[in-house]
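Asker: Just passing along the structure, written as structure tokens.
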Amino acid sequence: MMKHLLGIVLLATSCIAAAAAERRGTGDLGIVVERAVGAVQIIDTTQRRVLSRVTGLGDLSHASAVFSRDGRHAFVFGRDGGLSKIDLLTGSLVKRIVQAGNSIGGAISDDGRLVAVSNYKPGGVRFFDSESLEPVADIPAAYGVDNELSKVVGLVDAPGRRFLFTLYDAGEIWMAHYPSGGVPKITKFAHVGELPYDALITGDGRHYVAGLFGEDGLAHIDLWADKPVVRRILDHYGRGEEKLPVYKMPHLEGWARAGDRMFLPAVGRHELLVIDATTFAEIGRVAVHGQPIFAIARPDGRQVWVNFAHPLNDTIQVIDTQNLEIIHEFTPGKAALHMEFTPRGENVWISVRDADRVDIYDTQTFERLETLPMDKPSGIFFTARANRIGL
Amino acid sequence: MRAWKSMLSAVVASASIGVALAGVLPDPVRQAELTHLVLHDCGSCHGMTLKGGLGGPLLPANLDHYSSEDVATFILDGIPGKPMPPWRGQLSTQDALWIAEQLKKGFAQ
């Protein structure tokens, strides 16, 4: 009798679980943003297919995403200030809030409890509980004598429940330390340079680097220093040379680290800068096809894949990080805007916006393995990001 | 901020003379290309719905105080010292004027 009852209970619970979510891991899942229709496609990188689609996410131009530390939920940051929490297993929207008028990106704390969003309007950073999306803190980016609000860019997480972000209009970098159960404490770095437009943190959480639009060089902070300060790196780069017009701001987020070298897009030039990963001194340049937008290292660091700004955005080049040679060049199609590697780098997914396609390539043979139709795809984000600092 | 706005009006005043008012409209194929360019490529800085991003909003209310020629001049020559790039070379004067007029009317989405 007892046994019989147990059997029924087990049967009933497993049916419920199966209905709610297929019993599977999320380590090979991810999302692709369909920017024009306000949707994301949930994809499987093992099967190389779409699992489901979540709609109603608002204006997703320039959208980005971070993942919960268990890799089950994606937090999608929309241009219109929307913050959406998506369940990858059930393929559903858990909650969506509109937290500001105009926003640019977000981050999640190392303990997974805080989601931070950087806003253009009203300029500042807002924090939310990752479980409920209830607001927990707000840091307006007020600067100068008039307390004007600056647009905020380059928001990243750092170890120890810290976040760093950059004030575009003010030319400042702020670090917010948000202890569990406390209130955020802010450290400000002023006069970092003119018009910092984006920033990144290295994968070890040690170096924060902001790109400057208005000046040559980049602003750098070593977070491991006893007393971190801002210093200028690569300040000689580009001096006296005529810059080309910049049709799309390069992204620093994908900054490629390959062994002891780093590769980054030079603003307004058809070049990648190669720098020493410990001294941040320039050690070389690679002439490339156009103005680079993303330079992303394959996870093993052996190759760097580069895409380009309008009007040369139909092409991708692959650079061998050891001899700095371009070992492969191909044209996936117009507006090949985003690339994401599978966790170990055997494949890369590329969104070809104007062709309404996502293509999947083998990174050894460069063969195209699969093509998935999507509506104006842009950002691609895989759950492996959940386990990486700054992503 | 104030400094660049006044610099801007100086630029506009001197440069708008350079924009010849050409009566020729881009043909429908070109218009479709330009619409795409505005929403996606201008949109990467101004927002795909043109409500603003790193660059300010480009809605009719924001451009009211400029003539179409002024707006076309911004597009062709860019804004020195700001990330707004010059599009001359990729866009003809007619293209820029057509975009300017559409922006001032409210760009057909």
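Asker: Does the range A:352-366 include one or more residues that are surrounded by fewer than 23 Cβ atoms within 10 Å (Cβ to Cβ) and touching a residue at least 60 places away in the same chain (Cβ under 8 Å)?
Answerer: Yes, there is a match, as at least one residue in the range A:352-366 is surrounded by fewer than 23 Cβ atoms within 10 Å (Cβ to Cβ) and touching a residue at least 60 places away in the same chain (Cβ under 8 Å).
Asker: Name the strands (runs of 3 or more DSSP E) wholly inside the range A:54-104 in which the number of residues that are open to solvent by less than 10 Å² (accessible area, probe 1.4 Å) and touching a helix residue (DSSP H, G or I) at 6+ places or on another chain (Cβ under 9 Å) is 2 or more.
Answerer: The strands (runs of 3 or more DSSP E) meeting that bar are A:64-67.
Asker: OK, next. Taking into account only those residues within the range A:278-294 that are free of Cβ contacts under 8 Å to residues at least 60 places away in the same chain and outside any strand (DSSP E or B), which is least open to solvent (accessible area, probe 1.4 Å)?
Answerer: Looking at the filtered set, the residue picked out is A:G290.
Asker: Can A:R357 be described as touching a strand residue (DSSP E or B) at 6+ places or on another chain (Cβ under 7 Å), assigned by TED's automatic domain parsing to the domain that holds A:A297, modelled with pLDDT under 95 and not aromatic (F, W, Y)?
Answerer: Taking the combined requirement at face value, the residue does not satisfy it.
Asker: Just give me the residues in the range B:22-41 being of a type in the set (D, E, K, R) and either open to solvent by 40 Å² or more (accessible area, probe 1.4 Å) or not in a helix (DSSP H, G or I) (or both), in sequence order.
Answerer: Across the range B:22-41, the qualifying residues are B:D27, B:R30, B:E33.
Asker: Given the criteria under 25 Å from A:A256 (Cβ atoms) and of a type in the set (V, I, T), does A:V145 qualify?
Answerer: no
Asker: To continue, here is another question. Looking at A:G211, A:G193 in this structure, which one is at pLDDT below 95, assigned to a loop (DSSP other than H, G, I, E, B) and not aliphatic (A, V, I, L, M)?
Answerer: Step by step, each of A:G211, A:G193 is checked, and only A:G193 is at pLDDT below 95, assigned to a loop (DSSP other than H, G, I, E, B) and not aliphatic (A, V, I, L, M).
Asker: Can you pull out every residue in the range A:295-351 that is polar (S, T, N, Q) and assigned to a loop (DSSP other than H, G, I, E, B)?
Answerer: A:N313, A:T315, A:T321, A:Q322, A:N323, A:T331, A:T342
Asker: Suppose the filter is outside the structural domain of A:R385 (by TED's automatic domain parsing), open to solvent by 40 Å² or more (accessible area, probe 1.4 Å) and in a strand (DSSP E or B); does A:L51 pass it?
Answerer: Taking the combined requirement at face value, the residue satisfies it.
Asker: Right, another one. I'm checking my understanding of the structure. Among residues of the range A:312-341 that are within 24 Å of the chain's Cα centre (by Cα) and of a type in the set (V, I, T), which one is surrounded by the fewest Cβ atoms within 10 Å (Cβ to Cβ)?
Answerer: The qualifying residue surrounded by the fewest Cβ atoms within 10 Å (Cβ to Cβ) is A:T331.
Asker: Further question: Taking the range B:42-86, which residues are more than 8 Å from chain A (Cβ to nearest Cβ), hydrophobic (A, V, I, L, M, F, W, C) and either part of a loop (DSSP other than H, G, I, E, B) or within 10 Å of the chain's Cα centre (by Cα) (or both)?
Answerer: B:C42, B:L50, B:L58, B:L59, B:L63, B:V71, B:A72, B:F74, B:I75, B:L76, B:I79, B:M84 - these are the residues of the range B:42-86 that are more than 8 Å from chain A (Cβ to nearest Cβ), hydrophobic (A, V, I, L, M, F, W, C) and either part of a loop (DSSP other than H, G, I, E, B) or within 10 Å of the chain's Cα centre (by Cα) (or both).
Asker: Can you tell me which residues in the range A:143-187 are among the basic types (K, R) and either touching an Asp or Glu at 6+ places or on another chain (Cβ under 8 Å) or open to solvent by less than 40 Å² (accessible area, probe 1.4 Å) (or both)?
Answerer: A:K151, A:R161
Asker: Based on what the data block shows, is A:F382 modelled with pLDDT of 95 or more and in contact with a Pro (Cβ under 9 Å, 6 or more places away or on another chain)?
Answerer: yes
Asker: Can you work out which of the residues in the range A:308-320 that are more than 18 Å from A:T365 (Cβ to Cβ) and at pLDDT 95 or above is nearest to the other protein chains (Cβ to nearest Cβ)?
Answerer: The extreme case among them is A:D314.
Asker: So, in the range A:214-226, of the ones that are at pLDDT below 95 and open to solvent by 20 Å² or more (accessible area, probe 1.4 Å), which residue ends up nearest to the other protein chains (Cβ to nearest Cβ)?
Answerer: A:G214
Asker: Right, something else. Give the number of residues within the range A:288-320 that are among the polar types (S, T, N, Q) and touching a Gly at 6+ places or on another chain (Cβ under 6 Å).
Answerer: Residues in the range A:288-320 being among the polar types (S, T, N, Q) and touching a Gly at 6+ places or on another chain (Cβ under 6 Å): 0 in total.
Asker: Then there is this: Taking the range A:157-211 as the search range and keeping residues that are small (G, A, S) and farther than 27 Å from A:L273 by Cβ, which one is farthest from the other protein chains (Cβ to nearest Cβ)?
Answerer: Filtering first and then ranking leaves A:G181.
Asker: Going through the range B:73-90 one residue at a time, which ones are closer than 18 Å to B:L39 by Cβ and modelled with pLDDT of 95 or more?
Answerer: B:F74, B:I75
Asker: Would you pick out the residues in the range A:37-53 that are within 20 Å of the chain's Cα centre (by Cα) and on the phi < 0 side of the Ramachandran plot?
Answerer: Correct list: A:A39, A:V40, A:Q41, A:I42, A:I43, A:D44, A:T45.
Asker: Answer yes if at least one residue in the range A:108-130 is open to solvent by 50 Å² or more (accessible area, probe 1.4 Å), under 20 Å from A:S64 (Cα atoms), part of a strand (DSSP E or B) and of a type outside the set (K, R), and no otherwise.
Answerer: Checked the range A:108-130: at least one residue is open to solvent by 50 Å² or more (accessible area, probe 1.4 Å), under 20 Å from A:S64 (Cα atoms), part of a strand (DSSP E or B) and of a type outside the set (K, R).
The values are calculated or read from the model by the stated rules, or taken from the named source; none is laboratory data. Computed from a predicted structure; not experimentally measured. Neighbour counts are summed over all protein chains in view; Cβ atoms, including those assigned to glycine, are modelled from backbone coordinates with ideal geometry. Quick note on the areas: whole protein, heavy atoms, side chains included, nothing else; ligands and nucleic acids left out. Shrake-Rupley method; radii C 1.70, N 1.55, O 1.52, S 1.80 Å.
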